[in-house]
There are 2 protein chains.
Amino acid sequence: MSAATRLRRLDERARIIVLERGADVSFANCGLPYHVGGVIEQREALVLQTPAALGARFGLDVRVRTEAIAIDTAARTVTARDLATGEEERIAYDALVLSPGASPKRPDLPGAERGLVLRDLADTDAIIEAARDARTAVIAGGGYIGLELAENLHAAGLAVTIVQSGPQLLGSLDIEMAHPLAQRARERGLDVRLSQRLAAIEPTEVVLADGERLPADLVVLAVGVEPESALAVAAGLAVDARGGIVVDAFQRTSDPAVWAVGDAVAKPVLDGEDALVPLAGLANRHGRLAADAIAGVAHPAAPALGTAVIGFLGLTAATVGRTERALRAEGRAIRVIHTHPMDHAGYYPGATMLSLKLILDAETDAILGAQAVGENGAEKRIDVIATAMAGGITGRGLADLELAYAPQYGSAKDPINLLGYVDDNLLDGELSVQWHELERRRAEGWRIVDVRTAAEHEAGSIEGAELMPLDELRTRAERLRGERVIVHCKVGQRGHTATRLLQQYGVIAANLDGGWLTWQAGRAATADAVPNKED
Amino acid sequence: MSAATRLRRLDERARIIVLERGADVSFANCGLPYHVGGVIEQREALVLQTPAALGARFGLDVRVRTEAIAIDTAARTVTARDLATGEEERIAYDALVLSPGASPKRPDLPGAERGLVLRDLADTDAIIEAARDARTAVIAGGGYIGLELAENLHAAGLAVTIVQSGPQLLGSLDIEMAHPLAQRARERGLDVRLSQRLAAIEPTEVVLADGERLPADLVVLAVGVEPESALAVAAGLAVDARGGIVVDAFQRTSDPAVWAVGDAVAKPVLDGEDALVPLAGLANRHGRLAADAIAGVAHPAAPALGTAVIGFLGLTAATVGRTERALRAEGRAIRVIHTHPMDHAGYYPGATMLSLKLILDAETDAILGAQAVGENGAEKRIDVIATAMAGGITGRGLADLELAYAPQYGSAKDPINLLGYVDDNLLDGELSVQWHELERRRAEGWRIVDVRTAAEHEAGSIEGAELMPLDELRTRAERLRGERVIVHCKVGQRGHTATRLLQQYGVIAANLDGGWLTWQAGRAATADAVPNKED
């Protein structure tokens, strides 16, 4: 619809026909889970525009319950079938825009047909209907839709289990950053099974891959989507290995009269290979750009960053760009930073802790990705970093950003500036160690020093860490001269001061990045990811 | 303190002495107004670091109640006076950092000495003490500190009047953007007097310039600050016309062994002349950069953008860069955009309306400034635009930003993207008219057409505007061929569609930027700015 309405604004004379297989155009996809939980009470709120209203305002011929079933690219015609009458019509086009979207994957397992999926309003109705008499729900899949549905079915009073085949929830985060989501889910009484799969769906229960049975009056399959590119393939248009329709920067497919946009399209990704990136913002943007190209005022699309956010049981998790996991798998030289700042000035009431992660190219200092999790302010920081990435601002450059500060909104040194400062320190030669590197370093003979207070140390510490509180370190530094020492505090800030201090006393000192909090999250997440553990 | 602690981390051997005239170092300046209103209950919360704790951790010689009274740049000595004993000491330095800050201006009027000011903890104590038995307060000054104090004294139960010499509150906004603040203040029962001054302060009342008397048990002077550069001037350091200490990009003054940072310093401003820009973020940043320069790892400061935010009676107003007012006064060719989007998807509960303004270089499309006012999400959008400015992203480039979207956080087309789209339309030749240009255009013979619904039109409309609802416009467009028409809707979006449509029918059509809402705010603000109006 964004292509159709934009094209009308550019060209009042064009004849514009919209074919839609379903009953609705322009509905609020991203709101569907929240209608299940009653957050969005009225179903009508999800219907953003009726076909009739859109048609009237923009002079469009909108045909719902009408499926495009074939494209003849040579003749430039589309065959449309009226799904009510079965009648077929060949429609000639000068320009064709494909926006078929992606459909939920349905895993190949016994009873898979019993699983519900969530794509459109009819699916939403079905889940609400099924939830009415259900007491237990199993959600297969811990991605965006899986988590949103888990939250909403829980809110609707069901006992919810999330079964996730991967070792963590939300694969767009790294494992230590995703850990708070599983932790929060369990605190709120949801059951989370990681590294686990459904083996079968039976009428009132599911069977897991390890044989365990879980009661399940309702099963939702939210294990990802696949592009609906069969029509494009049949028309001879180029698609990639995952079925994504291949387009150029102007959304043009391999046929010069056919454009494609949205979740069915393979998108160029900043600093990575083309990928599907099924996000609403990109779909909207590319719809407009396709119309621009058709009308002769073409602008190229920017490479996708994959900026995304989810609200989950009071937490916000947001992400942009690539993960440490993916980049390390590619063998990229990267620099990683974790911080745990308050979302606004600690002296102003209501401040909560954020966990931030920044991933940089080790050579160029280019920002490759970032992740943020917390009660408040996570999405703001990711939006800022996404903008910095688009503007080519480096990690060190984040220190220079001038962000709005009053105590209820941020800090004089915003968490974003702090990331830049940490990067600046690392670029100036300060050493740091990632949580997953600690044991290897220990095996290589590095000592581990806890520079927190005695009280903090006693409340929980890394095995074998020696306590040397920061405020006493100056008097003890001389004795560590020549040694290799990993220092750590709670979040990394005192550790930074300690590292600087020790370096100047001839100690080979490295700061545990993100401190005790990141180390602990990483360790807990790793343990959590082991299937069939006894607990 | 950011210079001192950074320098210690860079150089463990340096002897670092901190001289502070007051009793506190590193206190929460920006939190002071909120202690007056009881939002920050405990006074201790405002003392971020004690001199002793900072001294111990960073090996600093911190001397409070000790004033630097003279600098001998030739001998490289500072004379320090112990304010308790009167004893003086000459201290030699290799590098000297000045961070004297700015002091509240005290207008020259009878009784001015009765006015309280707010700069430090002692001032805060004095205001709280005075407010204890007071029923009425007059705040002279409607800038950041004036408004924050007004809110907090109101919260403390006082009847508050804001007396502002300028035609609007918050001069860092343009007048139509500032209008909601005055409106909100009046809705909440505060009295706001614009284009008005204090003539005298008497024991329990104030006299205004027009002779009116207002009861005032408590008077606060918050009419701006001036740099405390007397010491620098006496030492022969260069200062600018407003008294700001002149520094280079590395914070170095005209003397090579003296650096200066903070509110006393004139800062290079992006796209403007050097200015004071008394903001905490810049002070912090420049403190660190001064230490870097002293330690031999100099990084230049970025030009200041003046990003700022205020919370005021439930509204957030945020700003970055230059105002339309200032740029027009300089004769700059600019393009201005107003929008009124929802802060998050309208179908998700709790969405509220934002007012956004974007100011662009008419030729280069560079972003020169932006302003945002609303209940939620204003500071996020300004942070994103500040980052875009730092990254050299143009107005049109805002359309390409990939910002985090889920319905509780934003929209698939974020308000930021929407600004980019509007700019894109204007760059492609669409015409727009600013609220303050409407009457001139009307006088030139342009017709004004309201494309809203009949119901909206009847509820309030621009005098002389002809009603032609958008959905009927296509049938009436032919009759307007060749005419000059300003179309308007509520916020500018239907107006855009109408403008495009009419253009294609041969009408010379321009869209009223920001629609009825911006026009109305501008008109009301203009009327409000006229002093001594009868109402």
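I'd like to check something: does the stretch A:406-414 contain any residue that is of a type in the set (Asp, Glu) and farther than 21 Å from B:Leu403 by Cα? No, because not a single residue in the stretch A:406-414 is of a type in the set (Asp, Glu) and farther than 21 Å from B:Leu403 by Cα.
Scanning the stretch A:287-305 for residues that are among the small types (Gly, Ala, Ser) and either facing chain B (nearest Cβ under 10 Å) or at negative phi (or both) gives A:Gly287, A:Ala290, A:Ala291, A:Ala293, A:Ala295, A:Ala298, A:Ala301, A:Ala302, A:Ala304. Counting the residues of the stretch B:77-105 that are within 21 Å of B:Asn152 (Cβ to Cβ) and either open to solvent by 80 Å² or more (accessible area, probe 1.4 Å) or more than 29 Å from the chain's Cα centre (by Cα) (or both) gives 1. Under 9 Å by Cβ, and 6 or more places apart or on different chains, what pairs join a residue from the stretch A:199-226 that is within 18 Å of A:Gly166 (Cβ to Cβ) with one that is of a type in the set (Phe, Trp, Tyr)? As it stands, the answer is A:Ala222/A:Tyr144, since those pairs meet every condition given. Scanning the stretch A:19-44 for residues that are in a helix (DSSP H, G or I) and either touching a residue at least 60 places away in the same chain (Cβ under 8 Å) or open to solvent by less than 40 Å² (accessible area, probe 1.4 Å) (or both) yields A:Asn29, A:Cys30, A:Gly31, A:Leu32, A:Pro33, A:Tyr34, A:His35, A:Val36, A:Arg43. Restricting to the stretch B:400-416, name every residue that is more than 7 Å from chain A (Cβ to nearest Cβ) and closer than 16 Å to A:Ala388 by Cα. B:Ile416 - this is the single residue of the stretch B:400-416 that is more than 7 Å from chain A (Cβ to nearest Cβ) and closer than 16 Å to A:Ala388 by Cα.
Residue check: B:Ile382 meets all listed conditions (1) assigned to a helix (DSSP H, G or I); (2) free of Cβ contacts under 8 Å to residues at least 24 places away in the same chain; (3) not acidic (Asp, Glu) but one, namely (2).
Considering (1) on the phi > 0 side of the Ramachandran plot; (2) open to solvent by 20 Å² or more (accessible area, probe 1.4 Å), the lone condition that B:Gly141 does not fulfil carries the number (2). Here is a check on your reading of the model: is A:Ala362 within 11 Å of another protein chain (Cβ to nearest Cβ), in contact (Cβ under 8 Å) with a residue 12 or more places away in the chain and either aromatic (Phe, Trp, Tyr) or open to solvent by 10 Å² or more (accessible area, probe 1.4 Å) (or both)? No; evaluated as a whole, the condition is false for this residue.
Residues in the stretch B:329-342 that are of a type in the set (Gly, Ala, Ser) and not in a loop (DSSP other than H, G, I, E, B): B:Ala329 alone.
Close Cβ contacts (under 9 Å, 6 or more residues apart or on different chains) running from residues in the stretch B:512-532 that are without any contact (Cβ under 8 Å) to a residue 40 or more places away in the chain to residues that are surrounded by fewer than 23 Cβ atoms within 10 Å (Cβ to Cβ) and of a type outside the set (Val, Ile, Thr) comprise B:Ala527/B:Lys533.
Considering only the stretch A:167-191, how many residues are touching a residue at least 40 places away in the same chain (Cβ under 8 Å) and in contact with a Leu (Cβ under 7 Å, 6 or more places away or on another chain)? Number of matching residues: 10. Restricting the stretch A:159-172 to residues that are in contact with a Lys or Arg (Cβ under 8 Å, 6 or more places away or on another chain) and open to solvent by less than 10 Å² (accessible area, probe 1.4 Å) leaves a set whose member that is nearest to A:Ala137 (Cα to Cα) is A:Ile162. For the stretch B:10-30, taking the residues that are within 14 Å of chain A (Cβ to nearest Cβ) and farther than 10 Å from B:Gly59 by Cα, the one that is nearest to the chain's Cα centre (by Cα) is identified as B:Cys30. Checked against the criterion of being out of contact with any strand residue (DSSP E or B) (no Cβ under 7 Å at 6 or more places or on another chain) and at pLDDT 95 or above, the candidates A:Ala280, A:Ala301, A:Ala295, A:Ala308 yield just one match: A:Ala295. When the stretch B:122-138 is limited to residues that are touching an Asp or Glu at 6+ places or on another chain (Cβ under 9 Å) and among the charged types (D, E, K, R), the one that is most open to solvent (accessible area, probe 1.4 Å) turns out to be B:Arg135. Restricting the search to strands (runs of 3 or more DSSP E) fully inside the stretch A:137-203 and requiring at least 3 residues that are out of contact with any helix residue (DSSP H, G or I) (no Cβ under 8 Å at 6 or more places or on another chain) gives A:159-163, A:198-201. In the set (1) over 21 Å from A:Leu358 (Cα atoms); (2) open to solvent by less than 40 Å² (accessible area, probe 1.4 Å), A:Ala521 fails one condition alone, (1).
The residues in the stretch B:204-241 that are open to solvent by less than 30 Å² (accessible area, probe 1.4 Å) and under 21 Å from B:Arg106 (Cβ atoms) can be counted, and the count is 13. Taking (1) without any contact (Cβ under 8 Å) to a residue 24 or more places away in the chain; (2) within 14 Å of another protein chain (Cβ to nearest Cβ) in turn, A:Ala283 satisfies each apart from (1). A count restricted to the stretch B:31-77 and to residues that are within 14 Å of chain A (Cβ to nearest Cβ) and of a type in the set (A, V, I, L, M, F, W, C) stands at 14. Is it the case that some residue within the stretch B:230-237 is modelled with pLDDT under 95, farther than 24 Å from B:Ala295 by Cα and touching a strand residue (DSSP E or B) at 6+ places or on another chain (Cβ under 7 Å)? No, every residue in the stretch B:230-237 fails to be modelled with pLDDT under 95, farther than 24 Å from B:Ala295 by Cα and touching a strand residue (DSSP E or B) at 6+ places or on another chain (Cβ under 7 Å). Scanning the stretch B:400-420 for residues that are in a helix (DSSP H, G or I) and among the hydroxyl-bearing types (Ser, Thr, Tyr) yields no hits at all.
Scanning the stretch B:267-277 for residues that are touching a Lys or Arg at 6+ places or on another chain (Cβ under 6 Å), basic (Lys, Arg) and within 11 Å of chain A (Cβ to nearest Cβ) turns up nothing. Within the set A:Ala388, A:Ala345, A:Ala318, A:Ala372, the sole residue that is open to solvent by less than 10 Å² (accessible area, probe 1.4 Å), facing chain B (nearest Cβ under 10 Å) and assigned to a helix (DSSP H, G or I) turns out to be A:Ala388. All of A:Ala275, A:Ala257, A:Ala264 fail the test of being over 21 Å from A:Ala74 (Cβ atoms) and open to solvent by less than 10 Å² (accessible area, probe 1.4 Å), apart from A:Ala264. Contact annotation: residue pairs with Cβ atoms under 8 Å, 6 or more positions apart or on different chains, pairing a residue in the stretch A:461-474 that is at pLDDT 95 or above with a partner that is polar (S, T, N, Q) and surrounded by fewer than 20 Cβ atoms within 10 Å (Cβ to Cβ), are A:Leu467/A:Ser461; A:Pro469/A:Thr453.
Would you confirm whether any residue within the stretch B:45-54 is over 34 Å from the mean Cα position of the chain (by Cα) and either over 24 Å from B:Leu282 (Cβ atoms) or open to solvent by 60 Å² or more (accessible area, probe 1.4 Å) (or both)? Looking for residues that are over 34 Å from the mean Cα position of the chain (by Cα) and either over 24 Å from B:Leu282 (Cβ atoms) or open to solvent by 60 Å² or more (accessible area, probe 1.4 Å) (or both), one finds at least one in the stretch B:45-54, hence yes.
The values are calculated or read from the model by the stated rules, or taken from the named source; none is laboratory data. For clarity, every value in this text was computed on a predicted model and none was experimentally measured. Reconstructed Cβ throughout: ideal geometry from the backbone, glycine too, with neighbour counts over all protein chains shown. Ligands, DNA and RNA are stripped out before the accessible areas are found, and what is left, the full protein with its side chains, is counted by its heavy atoms. Shrake-Rupley method; radii C 1.70, N 1.55, O 1.52, S 1.80 Å.
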